[in-house]
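Written out below as structure tokens is the structure these notes cover.
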Amino acid sequence: MAQQPLLSLPEFQGVSTGTLVVKEPLNFWGGARVKPKDTKNSEPVYEPATGRVLCDMIPCGEEEVDEAIKSAHSAYLKWSKLSGMERARIMLEAARIIRERRDEIARAEVANNGKSITEAQVDIDVAWQGIEYYAGIAPTLSGQHIQLPGGSFAYTRREPLGVCVGIGAWNYPFQIAAWKSAPAMACGNAVVFKPSPMTPVTAVMLAEIYKEAGVPDGLFNVVQGGAETGGLLCQHPMVAKVSFTGSVPTGKKVMEMAAKGVKQVTLELGGKSPLIIFKDCELENAIKGALMANFLTQGEVCCNGTRVFVQREIMPQFLEEVVKRTKAIPVGDPMCEETRMGALISKPHMEKVLGFIKQAKEQGAKVLCGGEQFVPNDPKLKDGYFVLPCVLDNCRDDMTCVREEIFGPVMSVLPFETEEEVLQRANNTTFGLASGVFTRDIARAHRVAANLEAGTCYINNYNVGPVEVPFGGYKMSGFGRENGQVTIEYYSQLKTVVVEMGDVESIF
Ligand SMILES: NC(=O)C1=CN([C@@H]2O[C@H](COP(=O)(O)OP(=O)(O)OC[C@H]3O[C@@H](n4cnc5c(N)ncnc54)[C@H](O)[C@@H]3O)[C@@H](O)[C@H]2O)C=CC1
Ligand SMILES: C[N+](C)(C)CCCC(=O)O
């Protein structure tokens, strides 16, 4: 039965805040959208900017997860036989279609996630760039030839793993689906992706685009659901690998479940990253860097530099300027081009973030700006989950706002005196996702980068994420990498073939 592609439905065109209603099924396997079998556990999905119900998320059960995985496996058998050039051609076509439909996808993302359209467009660009990048790598995958005595030799083959599961978070729904599927597919794997139950809308768009580009049916599948569905995926015997983005506690559970089946795991977990600003920095850039490190996607970014260490001598100028610019961030309707900060993902999450700010005040922090719920004048936004971006002064290292991941628009500022002291304080955390340093002293910049315990260190910038560059954590922020050439290692395995050219020399 021919299905109309979801993207061509009128409901996805010219979407503005408060207008999108998604009725189509959001599961996808065997090359088509699939209606859920049992709707009894359905959960409402909200539009963060309005608090309105956007659609229902109907979780997949055991039978459906099994169907999706089997469909992935049959596609894997075909896809893995193609040459890298053949896979690349299809992936490049998918990247092209995403570019062409950037606006529709970005609008759907904004309706479901609440981030500003300006940011969502960049996210979609980064998604197609990831697919394009791994399309470029696919034809280069190769093994090694090793000469042995007597004319014998060995060679290695870089082979796919099989069916890979991706489990995504709600902060970058489309981009995470692309970042996980692109390297997996370039290596010849098939993918079953489960988005966060709060952002089920855009992953199925990616599935339809891959289909349109020409992947075999079943190569990229979407199953909706929460913890239970995620658990079924991690424990399924036909799954070879799980790549997870989310919180540390859930990451641990995923790792435990995967361990039972000796499945490979990539974990992209949370952070509480330090950004260190020395007095010899170019202050204008450091201020811009601090804003970029804290306020993208309403602060809901795993690698945000939320502990901003500022050398004492420049603290007054830094605070004055950062507060002025934070107050000037236009918060409101995320579909408007001028908006720079939209709504948090959910009401409970907004309350959690406001709770962190309240606790920070109780522990002695001073709110220099923001930190309150915001109700825009536009009546359709009155039930949205908006929080004004917040700068906290008088912070100490032992405060909850400095130790725990808030995942909201909250910057904690901490003074420091010396390089040695700030390095020790910056590393005094169980997380290790990212870090940043602003200084004009080249030697200091590289010394600090070498001594920070984090998977990424930005020198004189923050939160730039080119797809050519590996991204991932140290310590409890996870392991494995996304993006960059190295990620091929995490989606493939090496087979050694040993070839005897003479007779077998047996000792028996
Ligand atoms: N590192 C990052 O990028 C992110 C970090 N977070 C942090 O996590 C907090 C909670 O956010 P959540 O979305 O609830 O994160 P979460 O870690 O609970 O969920 C992430 C994904 O894992 C799935 N999941 C949940 N339990 C599972 C289980 N037992 N087995 C398999 N899959 C499971 C979820 O359905 C979702 O798709 C946030 O407030 C934030 O601090 C959240 C999202 C992204
Ligand atoms: C795109 N960038 C670099 C801001 C962060 C993406 C990582 C994430 O939070 O999932």
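Okay, here's what the table says:
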{"quantity": "Residues of segment 266-290 satisfying the condition of being away from ligand 1 (no atom under 11 Å from the Cβ), of a type in the set (D, E, K, R) and outside any loop (DSSP other than H, G, I, E, B)", "calculated": "E284, K288"}
{"quantity": "Segment 117-129 - residue that is buried (at least 24 other Cβ atoms within 10 Å of the Cβ) and farther than 19 Å from E337 by Cβ and, of those, nearest to ligand 2 (Cβ to nearest atom)", "calculated": "A127"}
{"quantity": "Flag if R87 is away from ligand 2 (no atom under 16 Å from the Cβ) and over 21 Å from E482 (Cβ atoms)", "calculated": "no"}
{"quantity": "Given (1) within 30 Å of G384 (Cα to Cα); (2) crowded, with 16+ Cβ neighbours inside 10 Å, index of the condition A75 fails", "calculated": "(1)"}
{"quantity": "Qualifying positions in segment 240-252 - farther than 18 Å from W170 by Cα and within 12 Å of ligand 1 (Cβ to nearest atom)", "calculated": "K252"}
{"quantity": "Given (1) over 16 Å from I137 (Cβ atoms); (2) in contact (Cβ under 8 Å) with a residue 12 or more places away in the chain, index of the condition E100 fails", "calculated": "(2)"}
{"quantity": "Residue match in segment 410-417 (condition: within 30 Å of I124 (Cβ to Cβ) and either open to solvent by less than 20 Å² (accessible area, probe 1.4 Å) or not assigned by the TED database to the domain that holds V310 (or both))", "calculated": "yes"}
{"quantity": "Qualifying residue in segment 374-392 (condition: small (G, A, S), touching a helix residue (DSSP H, G or I) at 6+ places or on another chain (Cβ under 7 Å) and either more than 16 Å from ligand 1 (Cβ to nearest atom) or open to solvent by less than 10 Å² (accessible area, probe 1.4 Å) (or both))", "calculated": "no"}
{"quantity": "Output for segment 172-187, where each listed residue is assigned to a loop (DSSP other than H, G, I, E, B) and within 11 Å of ligand 2 (Cβ to nearest atom)", "calculated": "Y172"}
{"quantity": "Of all residues making up segment 252-296, the number that are without any contact (Cβ under 8 Å) to a residue 12 or more places away in the chain and of a type in the set (A, V, I, L, M, F, W, C)", "calculated": "2"}
{"quantity": "Qualifying residue in segment 172-187 (condition: of a type in the set (F, W, Y), more than 10 Å from ligand 1 (Cβ to nearest atom) and touching a strand residue (DSSP E or B) at 6+ places or on another chain (Cβ under 8 Å))", "calculated": "yes"}
{"quantity": "Output for segment 453-466, where each listed residue is more than 11 Å from ligand 2 (Cβ to nearest atom) and buried (at least 23 other Cβ atoms within 10 Å of the Cβ)", "calculated": "A454, G455"}
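The values are calculated or read from the model by the stated rules, or taken from the named source; none is laboratory data. Here the structure is a predicted model, which means the values were calculated and not measured. With ideal geometry, Cβ positions are generated from the backbone for all residues, glycine too; neighbour counts draw on all protein chains shown. Keep in mind that these areas ignore ligands, DNA and RNA; they rest on the heavy atoms of the full protein, side chains included. Shrake-Rupley method; radii C 1.70, N 1.55, O 1.52, S 1.80 Å.
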